[in-house]
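Have a look at the structure below before the remarks.
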Amino acid sequence: MQNFEYCNKTKIIFGKDTENTVGSETVQYAKRILLHHSGGSPVKSGLIARVKESLKKAGVEWVELDGVQPNPLLSLVLKGIDIVKKEKLNFILAVGGGSAIDSAKAIAMGAVNDGDVWDYFERKLTAEKALPVGAIVTIPAAGSESSVSCVVTNEQGPWKRSIKHECLRPVFAILNPELTYTLPPYQTACGISDMMSHIMERYFTKEPHVELTDELCEGAMRTIIRNAGKIFSGGEKDYDARAEIMWAGALAHNNLLSTGRIGDWASHALDHELTALFGIAHGAGLAIIFPAWMRYNIKEDTPRLARFAEKVWGVDGAYYDNEQAALEGIGRMENFFRSIGMPVKFADANLDAARIPELAKRAFHFGPLGTYRILYEKDIEAIYRIAAE
């Protein structure tokens, strides 16, 4: 097990009607804020109106910036930075899913650091500070509400880049499972794929003696699978199933499951190029990439993949050797993704396989990927090709 430090400053406020406490939470940090959201579903559902009422009662003033899109755009981040500086705002409140929260984080960073905010995503500069961010989560998926991560798309490339820093971790996050009842099934499925992938990036490690976090990862994945089944078999408003999924999404990416181990993260980098070039949803892209990544690595660490098959997918090792068990587990994972409406191959999402060499070159932009197995450009291209078979 690796040495580690673990500290998570995010206060989680979980449960029914908790969004109504946002004013009393926010006023502890600021009285003039940027209210950041998509402008679509949060407004139509009445959530933004409830948020504004709570802020007003607490004496918090706001400037509103909507327009957040899936795979949040740099252009909106730049607009937000200008507003924050001009209006002298000192807190960002995000209402939505990972895109709204990541956009808010990028604004919070860009508003108080020198230089072009994109240079931080290109690893030319390093941010050590950001304005405080709070979040009301409406889509359980990215786990951005209590993570140090932020992902933004520069539409000029298009390039999708990520950064990580402790200063980007939100100070509070409000999670009400009821807010997810009206999510379209596709968005729910993308969220489930995303949180599963966050766990798998951590689970596939070469670090020995990480028994506790192995068990935590496996238990979290089994919980997601079981409760996804409940939601997709008529339980759209099953509060308990939605609550399990929502809490799993937060725990999947708040680094608790990373303690003592070294994660991989190559699959996320490969998916970033799919989302940048083709506009596919992040969770859907990960459902395509992860099975291909596993098939490419089947001989790299067969026992780990066999354990994954047994502990997560219920493959009985008594009937298979390790490689057969691993392949059976990958197949069951693909069947699960299909059952909730996710693609598992390029063709399922109408992705152009002719662009695979371009995808591989872009993914290799910063050099080799991964830690579980170091991937060079030829390896990356091979994984894309497996996904396109």
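The values are calculated or read from the model by the stated rules, or taken from the named source; none is laboratory data. Only a predicted model underlies this, so the values are computations on that prediction, with no experimental measurement involved. Cβ placement follows ideal geometry from the backbone for every residue including glycine, while neighbour counts extend to all protein chains displayed. For the accessible areas, the whole protein counts, side chains as well, though only heavy atoms, and no ligand, DNA or RNA atoms are used. Shrake-Rupley method; radii C 1.70, N 1.55, O 1.52, S 1.80 Å.
Of the beta bridges DSSP finds with both residues in the chain, what % are antiparallel, to the nearest 5? In the chain, approximately 25 percent of DSSP beta bridges are antiparallel ones. Counting only Cα atoms, the size of region 10-135 along its three principal axes is 42, 28, 26 Å, in decreasing order. Farthest towards the positive end of the charge dipole of region 1-90, among the residues Gly59, Tyr29, Ala49, is the Cα of Gly59, using unit charges on the Cβ of Lys, Arg, Asp and Glu.
State, as an integer percentage, the relative contact order of region 79-217 based on alpha-carbon contacts under 8 Å between residues 6 or more apart.
22 percent
The residues of the chain have, on average, 41 Å² of accessible surface per residue, using a 1.4 Å probe with all protein chains present. Legend: residue pairs Lys160/Lys299; Lys11/Lys86; Lys85/Lys124; Lys16/Lys164; Lys44/Lys79, Cα-Cα distance threshold 26 Å; pairs beyond threshold, Lys160/Lys299; Lys11/Lys86; Lys16/Lys164.
By the rule of a C-alpha distance below 17 Å, with chain neighbours fewer than 8 residues away ignored, the lysines paired with Lys56 are Lys31. The label-point distance for Glu128 and Lys44, in a model that sets each label 7 Å from Cα toward Cβ, rounds to 4.6 nm.
To the nearest µm²/s, what D does Stokes-Einstein give for region 235-303 at 20 °C and 1.002 mPa s, using the Kirkwood radius over alpha carbon pairs as Rh? Display every interim value, and only then the final one.
On the way: Rh = 14.5 Å.
D = 148 µm²/s.
Rounded to the nearest 20, the Cβ-based charge dipole of the chain about its Cα centre (Lys and Arg +1, Asp and Glu -1) stands at 860 debye.
Residues whose amide H falls under 5 Å from that of Lys11, counting only those 5 or more places apart or on a different chain, are Phe172, Ala173, with hydrogens built in the peptide plane.
Sequence-ordered 3J(HN,Hα) estimates for region 166-183 from the Karplus curve with 6.51, -1.76 and 1.60 and θ = phi - 60° stand at 4, 5, 8, 6, x, 7, 8, 9, 9, 10, 10, x, 4, 5, 9, 4, 8, 4 Hz, glycine and proline given as x. Scalar couplings 3J(HN,Hα) for region 93-101, obtained by applying the Karplus form with A = 6.51, B = -1.76, C = 1.60 to θ = phi - 60°, are 10, 9, 10, x, x, x, 5, 5, 5 Hz; x denotes Gly and Pro. Once C-alpha pairs closer than 8 Å and six or more residues apart are averaged by separation and normalised to the residue number of the chain, the relative contact order reads 15 percent. The H on the amide N of Trp159, modeled in the peptide plane, is under 5 Å from the matching H of Asn154, each at least 5 residues off or on a different chain.
Classify region 241-280 from the C-alpha gyration tensor, please: rounded if a/c falls under 1.5, else prolate or oblate depending on whether a/b exceeds b/c. It is oblate, given that a/c is not under 1.5 and a/b is not larger than b/c. Would you work out if the chain is rounded, prolate or oblate? Take a ≥ b ≥ c from the square roots of the eigenvalues of the alpha-carbon gyration tensor; rounded if a/c is under 1.5, else prolate when a/b is larger than b/c, oblate otherwise. Verdict is prolate for the chain. Cα gyration tensor of region 70-125, axes a ≥ b ≥ c as square roots of the eigenvalues: rounded (a/c below 1.5), prolate (a/b > b/c) or oblate? Since a/c reaches 1.5 but b/c is at least a/b, the shape of region 70-125 is classed as oblate. Taking one equal scatterer on every alpha-carbon of region 273-389, how large is log10 of I(q)/I(0) by Debye at q = 0.11, 0.18 1/Å? Debye output, listed in q order: -0.37, -0.94.
Dipole magnitude for region 1-43: computed about the Cα centre from +1 point charges on Lys and Arg Cβ and -1 point charges on Asp and Glu Cβ, it is near 160 debye. Taking every C-alpha pair closer than 8 Å and separated by at least 6 residues, the mean separation divided by the residue count of region 35-76 gives a relative contact order of 59 percent.
Averaging the Cα positions of each part gives two centres, and for region 52-80 and region 274-321 these lie 37 Å apart. Each residue of region 229-239 was assigned a 3J(HN,Hα) from its phi angle through the Karplus curve 6.51 cos²θ - 1.76 cosθ + 1.60 (θ = phi - 60°); the sequence is x, 5, 5, 8, 10, x, x, 4, 10, 7, 4 Hz, with glycine and proline shown as x. Dipole magnitude for region 177-326: about 120 debye, using +1 per Lys or Arg Cβ and -1 per Asp or Glu Cβ, origin at the Cα centre.
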